[in-house]
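What follows is a single structure, written as structure tokens, with notes after it.
Quick note: the coordinates plus some simple rules give every number you see, no bench work behind them. Nothing here was measured: the structure is a model prediction, and the numbers come from that model. Heads up, the Cβs are rebuilt from the backbone with ideal geometry, glycines too, and the neighbour counts pull from every protein chain shown.
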Ligand code: PMP
């Protein structure tokens, strides 16, 4: 508390990020990073950019090479593409650019907890739309007056994805409002709404390099939408005087988009490990939600999730446990390498056996 704070600072409840522990040799399955290295071509491009004397110059403020590469991959021109420092920043700009209309912003209870934080920061009213009993998003619950809709697809922390039919239904329901689809986890098996961008002027699709491209450390996120939506984001970005991506991040991200083979290989490995891990957890008595993300959401029939998370931590394995009525009985477990998943399963087997 400080007498220097403005009223908004008093009102804010900041996001509590997943732990980034400083201890070595932990099996870190708590913040949905990829367990594999970024593309070697991306790393080489970043090294080259860092060592080039052009580092004395400001980076391309339009990040044109990166936006062109991203657009090309999905058949869109660069004026349909926005980039920012992580998709968190892209989301912040989008909340500011599109949701100051009458009516509450709609998003799920439960979903990515940053959405509430941005509503607090920008003073935007919101309405939480409960998930169904089976943790699915029900599109018909999103009807009614609103300032817009934000939907994580696949949802986090559940990992459950909706198909494009449901996304179309949502877009048709609110033709005069922006529908933001947060596709941070879309590359692990779900269908991207990017194919709908040309048909829907109210659609903004947000994605990230932090998950499927293993570049969380570079902080690069992006959005696809029709040019006037992108122009709205650019105006907000310029008004914040936020710097464009630095030279190293632009070079690495561009090379990563162009290395499709490496991307497919890492995503394929994660999806195969997800099937194995889900089966292993089910065999230990866990209910596992059908995930199309690089994590699974699981709960044990008769074990307390917070205690399980603490027991795993004692064995140097960290997973995510979220408080709250709908989430407290679940663990969100990032898909690691197969050996990491095996260590997790054998630690759980041991914990369950000892306490039985
Ligand atoms: N959206 C969702 C649903 C997420 O889980 C995350 C990562 N925690 C983000 C966006 C932000 O990711 P980044 O800023 O690393 O792109």
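Let me understand the chain better: what is its radius of gyration from the alpha carbons, and its Dmax, in angstrom?
20.6, 63
Using a 10 Å cut-off around each Cβ, can you sort 286, 4, 240, 209 from fewest to most neighbouring Cβ atoms? Please list the in-between numbers first.
Details: 286 22, 4 6, 240 12, 209 27.
By the 10 Å Cβ count, ascending, the order reads 4, 240, 286, 209.
Give the residues of segment 17-35 whose amide nitrogen is closer than 20 Å to a point set 7 Å from the Cα of residue 240 in the direction of its Cβ.
Within reach of a label on residue 240, which here means backbone N under 20 Å from a point 7 Å along Cα→Cβ, segment 17-35 contributes 17-18.
Set the Förster radius R0 to 41 Å, insert the Cβ-Cβ distance between residue 127 and residue 60 as r into 1/(1 + (r/R0)^6), and round the FRET efficiency to 0.05. Don't jump to the answer; show the numbers that get you there.
On the way: r = 40 Å, r/R0 = 0.97.
FRET efficiency, residue 127 to residue 60: 0.55.
Take the alpha carbon gyration tensor of segment 199-247, find the square roots of its eigenvalues, order them as a ≥ b ≥ c, and report rounded if a/c is under 1.5; if not, report prolate when a/b exceeds b/c, else oblate.
Details: a/c = 3.53, a/b = 1.26, b/c = 2.81.
Oblate is the answer for segment 199-247, as a/c is 1.5 or above yet b/c matches or exceeds a/b.
Which of 30, 241, 85 ends up with the largest GNM mean-square fluctuation for the chain, with Cα atoms connected below 10 Å?
In this elastic network of the chain, the residue with the biggest mean-square fluctuation among 30, 241, 85 is 241.
Under a 10 Å cutoff between Cα atoms, tell me which one of 173, 135, 55 has the largest fluctuation in the Gaussian network model of the chain.
Taking springs between Cα atoms under 10 Å, the residue moving most is 55.
Please label the shape of segment 159-225 as rounded, prolate or oblate, based on the square roots a ≥ b ≥ c of the eigenvalues of the alpha-carbon gyration tensor (a/c under 1.5 means rounded; beyond that, a/b larger than b/c means prolate, else oblate).
Working: a/c = 2.73, a/b = 1.71, b/c = 1.60.
Prolate, since a/c reaches 1.5 and a/b exceeds b/c.
Stick to the Cα atoms of segment 14-168, pair each with every other, and give me the Kirkwood hydrodynamic radius in Å at one decimal. If you can, show how the numbers build up before the last one.
Values: mean 1/r = 0.0529 Å⁻¹.
In segment 14-168 this quantity evaluates to 18.9 Å.
Using the number of other C-beta atoms within 10 angstrom as an exposure proxy, rank 68, 307, 327 with the fewest first. All intermediate terms of the calculation are to be shown ahead of the outcome.
Numbers: 68 17, 307 13, 327 21.
By the 10 Å Cβ count, ascending: 307, 68, 327.
Report the antiparallel proportion of the DSSP beta bridges in the chain as a percent, rounded to a multiple of 5. Don't skip to the end; give the middle numbers.
Working: 16 of 34 bridges.
If we restrict to bridges inside the chain, about 45 percent are antiparallel.
Please state the shape class of segment 65-132: rounded when a/c is under 1.5, otherwise prolate if a/b exceeds b/c and oblate if not, all from the C-alpha gyration tensor.
Details: a/c = 2.45, a/b = 2.02, b/c = 1.21.
Prolate, since a/c reaches 1.5 and a/b exceeds b/c.
Most mobile of 269, 22, 116 per a Gaussian network model of the chain (Cα springs, under 10 Å)?
Per the Cα network of the chain with a 10 Å cutoff, 22 tops the list.
For each of 181, 27, count neighbouring Cβ atoms within 10 Å of the residue's Cβ, then give the residues from fewest to most.
The most exposed by this proxy come first: 27, 181.
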